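To keep things clear, I will list the structure first and then write my remarks on it.
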Amino acid sequence: MSPFKSSTGLPDNIAGALCYFFPFLGGVVFLALEKRSRFVLFHSLQSLITFGVLMILHVLTGLVPFLGPLMSALVSLCSFGVWLLMIYHALSGRWYKLPWAGDIAESQIRHL
């Protein structure tokens, strides 16, 4: 458990997990409110990028004839797995980076 507190007053690991628990709302809120915790900023950006892309994939697979429902269900199952994995890592206080979304989020917080 992380002993550090974000500028919101929450422990870093709780704030980071909330970025994933409510992906778009939490990501936007913590991105706007967080002033000092790079851990929380990283997880809020990674959450927004990851679940934004997964949402677009979900919509696009729904447009595919015949195989669309199967592909959409697969994307939903993968999204749920990623959601659980990221909540677990954030609660554990880990800077777990997803393959490309984590790299983008990390490069963006370097500029802050």
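Taken together, the values in this text are just the output of simple stated rules run on the coordinates, not laboratory data. Every value quoted in this text rests on a predicted model; they were computed, and no experiment measured them. Neighbour counts are summed over all protein chains in view; Cβ atoms, including those assigned to glycine, are modelled from backbone coordinates with ideal geometry.
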Computed FRET value (nearest 0.05) for residue 76 with residue 38, which takes r as the C-beta separation and R₀ as 30 Å: 0.45
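In deg cm²/dmol and to the nearest 500, what is the mean residue ellipticity at 222 nm of the chain if only DSSP H runs of at least 4 residues count, each as -39500 (n - 2.57), divided by the residue total? Present the calculation step by step, with values, prior to reporting the outcome.
Numbers: 5 runs with 80 residues, N = 112.
Rounded to the nearest 500, the figure is -23500 deg cm²/dmol.
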Which of 26, 68, 102 fluctuates most in a GNM of the chain (C-alpha springs under 10 Å)? That residue is 68
I'm spelling it out carefully: the read-out is Cα extents along the principal axes in Å, the candidates are (i) 50, 27, 22; (ii) 58, 19, 19; (iii) 68, 29, 25, and one was derived from this structure. Which label? (i)
Inter-probe distance in nm under a simple model that places probes 7 Å from Cα toward Cβ, at residue 24 and residue 85: 2.3 nm
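Work out, step by step, the length gained on full extension between residue 95 and residue 109: first 0.36 nm times the residue separation, then minus their alpha carbon distance; give nm to one decimal. Kindly include the intermediate steps, with their values, before the conclusion.
Working: separation 14, 0.36 × 14 = 5.04 nm, distance 1.28 nm.
Gain on extension, residue 95 to residue 109, equals 3.8 nm.
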